[in-house]
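Read the structure below first, then the notes.
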Amino acid sequence: MMLKRMRAGSIRWQIAASVMVPVLIVAILTILTEPMTLYEPERLSYARGTAVKIEMVTEQVRTADTPERLAALLAIVSKTGLQVEEVSPAELTPDPRVEVARRDPRQLVRKNMPEAILTSFRAETSTGRLNDVLVVATGDGRALAFRPAPAPPDTWITNKQINLMIKVVVVIVPVLFLSLCAASMITAPLLKFAEAAETLRPDEGPDRPFEESGAAEVQTLAKSLNDMRSRVRGMIEDRTRMLRAISHDLRTPLTRLRLRAERSNQPDLKASFLADIAILSDMIDDTLIYLSKEMGAEKLLNADLPSLLETVCADFTDMGYDVEYLGPERFAYRCKPRWLARAVTNLVENSTKFAQRITVTLSVVEGSTVRISVQDDGPGLPADLRTRVLEPFFKADNARTSADRTGFGLGLSIVDDIVRAHGGKTRLLNAVPHGLIVHIDLPTEEAASMLTMSPLHSGASRATA
């Protein structure tokens with residue numbers, strides 16, 4: 001319940017909580033783990049235990065009231081590995097010739113004994129039975145010489161390293177996990193918005209594609225985006241209705257003009273009128289197609305691309321142009337066939353204005369890309385214009401010259417819109433030795449299996465004299 005309320009709360013409180021909670025956890029765990037006693041190096045543990053044992057032996061020596069009991073006590077202690085014998089109190093006097101290293105077991109033991117106990121280091125006892133001894137006063141006028149056993153080697157891990165490992169496991173890992181959870185909780189809705197915006201089409205899909213849940217600010221943002229999309233869709237629908245009305249109103253007077261021109265008795269004037277009327281009609285069609293964006297109205301169908309391309313080529317061949325199709329005889333591809341045919345038609349029509357021979361080719365490249373290529377033998381395009389000609393209302397008059405330069409420059413822009421609506425790309429390249437090649441690359445994961453790779457089929461090629 002608390003997590004749900006936090007997710008629906010303000011994003012500012014979420015950020016504050018994601019910062020404060022880990023800090024509190026670190027502080028609490030630090031306080032709890034501070035007094036914990038952990039392992040220490042073996043030599044230090046051994047030195048501390050030996051010092052305690054020496055203190056206990058001196059206490060028992062003071063209570064031994066007979067030489068026999070003292071001898072028995074010393075014999076028992078020696079069997080435990082701590083060699084000991086009674087020496088003269090004179091040996092408590094420090095010998096300046098004896099130097100003891102810092103890591104010597106006697107030095108480590110002496111550091112763990114109380115300062116009040118009188119001690120000294122000797123190279124050997126007066127009897128010569130023990131060497132490298134630590135002489136300790138018993139407090140009753142006697143002295144004992146102890147020879148500690150060598151300290152065991154330290155383990156591979158130190159006390160500091162163990163502390164660090166425990167803090168990493170107990171503190172850092174939970175803090176990191178909580179921080180990642182908090183960051184994910186805050187950013188997940190934003191990532192969903194970005195994903196929805198990438199695939200969003202203003203005139204397709206659900207009315208409210210952004211999920212209105214999560215933090216208060218995220219809910220407000222999602223609602224605003226959904227409302228904005230509704231307004232955009234309404235504007236598109238209003239524009240579509242307006243364009244349809246304009247189309248109807250413009251075509252009516254053009255039809256009357258065409259009928260009047262056809263009744264003219266002057267052949268030259270009649271031909272000029274009809275040509276201008278055809279140009280105006282084409283310009284209106286291109287403008288309406290570009291502005292209407294009604295490609296979404298056509299459903300995706302499994303179309304036979306060779307048949308579609310051969311039909312386009314045949315239409316231009318019947319009008320007297322040299323247009324040829326090269327490619328397989330059968331190839332099923334899921335697309336919007338009417339609009340894809342429109343894109344190829346625009347490319348071929350554009351080539352007929354600048355070239356004598358046009359070739360339309362269908363192939364599969366890189367195993368998963370369907371490529372439709374339209375190549376002509378015209379003058380080509382400079383490199384700096386190959387991208388600009390895809391922009392709306394741009395006309396490359398200086399690059400490719402023709403006596404019939406008409407239109408608003410929307411033909412290639414419509415082609416690019418159609419190709420992008422299919423998830424593809426449009427590329428323009430110059431042919432060798434001259435001419436222009438336009439590649440339409442369409443994605444499909446099944447292209448390699450769907451295509452029957454038969455020899456290239458040539459169709460719709462009927463050149464005029």
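The values are calculated or read from the model by the stated rules, or taken from the named source; none is laboratory data. These numbers come from a predicted model, not from an experiment. No Cβ is skipped: glycine too gets one built from the backbone with ideal geometry, and neighbour counts run over all protein chains shown.
State the number of residues belonging to the range 358-391 that are assigned to a loop (DSSP other than H, G, I, E, B) and not hydrophobic (A, V, I, L, M, F, W, C).
The number of residues fulfilling the criteria is 11.
Please go through the range 340-386 and pick out each residue that is under 20 Å from ARG420 (Cα atoms) and free of Cβ contacts under 8 Å to residues at least 12 places away in the same chain.
Hit for the range 340-386 is GLU366, nothing else.
Residue check: is ALA47 under 19 Å from PRO148 (Cα atoms), assigned to a helix (DSSP H, G or I), modelled with pLDDT of 85 or more and among the aliphatic types (A, V, I, L, M)? Reasoning before the result, please.
Working: under 19 Å from PRO148 (Cα atoms): yes; assigned to a helix (DSSP H, G or I): yes; modelled with pLDDT of 85 or more: no; among the aliphatic types (A, V, I, L, M): yes.
No: the conditions fail for ALA47.
Write out, first by first residue and then by second, each pair whose Cβ atoms fall under 8 Å of each other, whose residues are 6+ apart or on separate chains, and whose first residue, in the range 124-139, is outside the structural domain of THR50 (by TED's automatic domain parsing) while the second is in a loop (DSSP other than H, G, I, E, B).
Here the result reads none, with nothing in the range 124-139 linked to a residue that is in a loop (DSSP other than H, G, I, E, B).
Listed residues ARG201, ARG208; which is under 28 Å from the mean Cα position of the chain (by Cα) and modelled with pLDDT of 80 or more?
Details: ARG201 fails: modelled with pLDDT of 80 or more.
The conditions single out ARG208.
Just to be sure I understand, how many residues within the range 368-383 are modelled with pLDDT of 85 or more and closer than 13 Å to ARG427 by Cα?
5
Yes or no: SER78 more than 17 Å from GLN60 (Cβ to Cβ) and either outside the structural domain of THR50 (by TED's automatic domain parsing) or in contact with a strand residue (DSSP E or B) (Cβ under 8 Å, 6 or more places away or on another chain) (or both)? Spell out the reasoning first.
On the way: more than 17 Å from GLN60 (Cβ to Cβ): no; either outside the structural domain of THR50 (by TED's automatic domain parsing) or in contact with a strand residue (DSSP E or B) (Cβ under 8 Å, 6 or more places away or on another chain) (or both): yes.
No.
Mind checking which residues of the range 87-107 are within 25 Å of LEU70 (Cα to Cα) and in contact with a strand residue (DSSP E or B) (Cβ under 6 Å, 6 or more places away or on another chain)? Talk me through it step by step, then tell me what you get.
To start, the set of residues in the range 87-107 that are within 25 Å of LEU70 (Cα to Cα) comprises 87-93, 106.
If the condition is that a residue be within 25 Å of LEU70 (Cα to Cα) and in contact with a strand residue (DSSP E or B) (Cβ under 6 Å, 6 or more places away or on another chain), then VAL87, PRO89, GLU91, LEU92, ARG106 are the ones that fit.
Would you check if ARG69 is closer than 24 Å to TYR46 by Cα and of a type in the set (Lys, Arg)?
Answer is no for this residue.
Can you find a residue that is in a strand (DSSP E or B) and modelled with pLDDT of 90 or more anywhere in the range 349-357?
Start the filter on the range 349-357 by keeping residues that are in a strand (DSSP E or B), which leaves 357.
Then drop every residue that is not modelled with pLDDT of 90 or more, which leaves 357.
Looking through the range 349-357, at least one residue is in a strand (DSSP E or B) and modelled with pLDDT of 90 or more.
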